[in-house]
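The values are calculated or read from the model by the stated rules, or taken from the named source; none is laboratory data. Just so you know, these numbers come straight off a predicted model, no measurement behind them. Quick reminder, even Gly has a Cβ in these numbers, built from the backbone with ideal geometry, and neighbours come from all protein chains shown. These area figures cover heavy atoms from the full protein model, side chains too; ligands, DNA and RNA do not enter into them. Shrake-Rupley method; radii C 1.70, N 1.55, O 1.52, S 1.80 Å.
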Amino acid sequence: MLSHQREILILGGGPSGAAVALGLKKLGYQQITVVTEARPFKAMEGISERVVDGLKGAGFKHALENLPAPSARFVTWSGESNQANTERLIDRVAFDNALMVDLAMQGIHVIQGRVESVHSADFGHEVSVDSCGQSLLLNAEFLVEARGRAAPSAKLKRLRGAETISLLQYWQGAEQERCSAVQSFENGWAWLAADEKGRRYLQLTFDVGSTNLPEKSKLVEFCNEKLKSLSQAQPFLDNAEPTGELHARTSTPILCEEAVGDNWIRVGDAAMSVDPLSGNGIFQTLSSSLQAPAVINTLLAKPERSRLAQQFHQLRITELFYRFARIGRDFYKMEQQWPEQPFWKQRSDWPDNKPIHQQVDLASMEVCQRPVVNAGFIELVEVVTTSDQPLGIWHLSGIALAPVVKAYRASSGLNDLKLRLDGLGMSSEQQQFVLGWLRQQGASFDSSADHH
Ligand SMILES: Cc1cc2nc3c(=O)[nH]c(=O)nc-3n(C[C@H](O)[C@H](O)[C@H](O)COP(=O)(O)OP(=O)(O)OC[C@H]3O[C@@H](n4cnc5c(N)ncnc54)[C@H](O)[C@@H]3O)c2cc1C
């Protein structure tokens, strides 16, 4: 393993900053410092099993051991109710603390403090931090911006969806089983969660432009009126009382179109934040953060490949953003009761009308060069691009696809193709697998006929 002595500063200790820190440590970086302050409000969030896999892949242990079991999720959407799904409800303050414990267990330096200012130049960064009333000035060669939606971005080029706000209230009731519920209404949707201690998190999401939100002092009353009208909210309101202040969270989808430079990178919500409706925030955050260490490693150790590494990061971020934006759009489309209401109208055809998955189309399949992650670096290799995978597939189940597609294109029929796959050293099991994949892409094999 390589040992690097270059100071990398990670601003923000949510899932993205923490995952990047662990990834850099795995690549042999020793001089990593995370600066973070606890999030200033309580929140419960729901995660799927894909997040559990992502946390495992990133190398978290303590955070995983402390995850609650999946609990029931009740849904009323487009007038229909079901309770088919489950999700794990995490207390974000406890979860973020557990992430920091993981970093400490792996010897990563964490400073609890608030980043006050960042001055960046080509040769490095100077960051001033307020740590428990003490001013610190930190220098770094490389900066990872992982402060989530709080990361300053006004000077960067961004793409924004419809301006959206989520109003979160805390209620306290009797002890009960953990559960959550979702319900759509005329001008937004509600997400409600309760834990076994009777704490209830009641979140209402509205369109900023078209909702006539009252002044701050009347927001609680406004939200309570709405909650009382929702059937799914009743079990969360029964025998419960509001506690604490209402908290407003911006939930507008935002893509940062400049997410990487020569000596800095933005990851997680700082690079792209998705609509919370799809419940994929932490998943997309981990997805973008798992590949960032290889981008950083390339920028630092192979500067001749900087452009390639930057292009790779920006393309992945953009691709992930659109994928999750389209998933959100399709959830909004499923709500059919108020298609003309501004909330639903604006969100059911944004960011575009392209399907989440493109139709398979053999003619559009190409072998070309694309950047991929290989052994901790970004490298240009031959991949196969398809209409559904424009960034390319390098390996599928451990098999390099570009030689397979070349063999298919050069062959005159099934028997000839099999001979060529033999020539690539592929076992009969691997051949069956790639033939199956080619069929899924629309290839047909006739042992006597030419398939071109
Ligand atoms: C209303 C709403 C509901 C959501 N619900 C869900 C859900 O149910 N499921 C889900 O998967 N995702 C959900 N998300 C998305 C999820 O919260 C984010 O995608 C995820 O937390 C992003 O991780 P991150 O590490 O990039 O940023 P964050 O988790 O925001 O972490 C950033 C960290 O940086 C710290 N920080 C910020 N500024 C400073 C500073 N100046 N100095 C020091 N530290 C600082 C913050 O305190 C925080 O600890 C929701 C988002 C919103 C807005």
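At-a-glance table
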item: Solvent-accessible area, 1.4 Å probe, carbon plus sulfur percent, for the stretch 1-131; result: 50
item: Within straight-line cross-link reach of Lys155, aspartates and glutamates at Cα separation under 19 Å, skipping those fewer than 8 residues along the same chain; result: Glu116, Asp122, Glu126, Glu145, Glu163, Glu257, Glu258, Asp262, Asp269
item: Cα Rg over Rh - the stretch 79-237, Kirkwood; result: 1.06
item: Hits among aspartates and glutamates - C-alpha to C-alpha of Lys406 under 14 Å, sequence gap 8 or more where chains match; result: Glu366, Glu382, Asp416, Asp422
item: DSSP-loop trypsin sites (Lys or Arg not before Pro) across the stretch 285-381, with at most 15 other Cβ within 10 angstrom; result: none
item: Accessible area (Å², per residue) of the stretch 236-359, counting only protein heavy atoms and a probe of 1.4 Å; result: 43
item: Antiparallel DSSP beta bridges within the chain, percent to nearest 5; result: 75
item: Descending principal axes extents, the chain, alpha-carbon based, whole Å; result: 75, 55, 39
item: Radius 12 Å from Cβ of Ile10, net charge of other residues (Lys, Arg +1; Asp, Glu -1); result: +1
item: Simple label model, 7 Å out from Cα along Cβ direction - Asn374 to Asp130, nm; result: 4.9
item: Fraction of accessible area attributable to carbon and sulfur, the stretch 362-440 (%, probe 1.4 Å); result: 51
item: Long-range amide H partners of His109 with built H, under 5 Å; result: Ile32, Val34
item: Separation of alpha-carbon centers, the stretch 73-117 and the stretch 377-432, rounded to whole Å; result: 39
item: Student exercise, the chain dipole from Lys, Arg, Asp, Glu Cβ charges, in Debye to nearest 20; result: 360
item: Coil-residue trypsin sites (Lys or Arg not before Pro) of the stretch 154-231, DSSP, other Cβ within 10 Å capped at 16; result: Lys155, Lys157, Lys197
item: Cβ-defined net charge surrounding Ala294, 12 Å radius [Lys, Arg +1; Asp, Glu -1]; result: +3
item: Where labels lie 7 Å past Cα in the beta-carbon direction, separation of Ser231 and Gln106 in nm; result: 4.6
item: Expected 222 nm ellipticity per residue - DSSP helices of 4 or more, -39500 (n - 2.57), all of the chain, to 500; result: -10000 deg cm²/dmol
item: Solvent exposure of the stretch 362-440 as accessible area per residue, Å², 1.4 Å probe; result: 48
item: Per-q log10 I(q)/I(0), the stretch 298-415, q = 0.10, 0.14, 0.17 Å⁻¹ (Debye; single scatterer per alpha-carbon; no solvent); result: -0.47, -0.77, -0.93
item: Mean Cα-pair separation over length for the chain, i.e. relative contact order, pairs under 8 Å, 6 or more apart, %; result: 14
item: Label zone at Arg39 (point 7 Å along Cα-to-Cβ), backbone N below 16 Å, the stretch 185-203; result: 191-195, 200-203
item: The stretch 319-359: projected area of the alpha-carbon convex hull, averaged over directions, in nm²; result: 2.9
item: Percent of Cα pairs exceeding the 22 Å cut-off, where the set is the stretch 362-440; result: 24
item: Rh by Kirkwood over Cα pairs, then Stokes-Einstein D for the stretch 122-214 at 1.306 mPa s and 10 °C, µm²/s; result: 90
item: Candidate lysines for bridging to Lys25, where Cα separation is under 26 Å - those fewer than 8 sequence places away on the same chain excluded; result: Lys56, Lys61, Lys302
item: P(r) tail fraction, the stretch 284-330 - alpha-carbon pairs more than 14 Å apart, %; result: 53
item: For the stretch 168-208: accessible area per residue (Å², 1.4 Å); result: 31
item: The chain: DSSP helices with Cα axial extent of at least 24 Å and average Kyte-Doolittle hydropathy no lower than -1.0; result: 281-301, 306-334
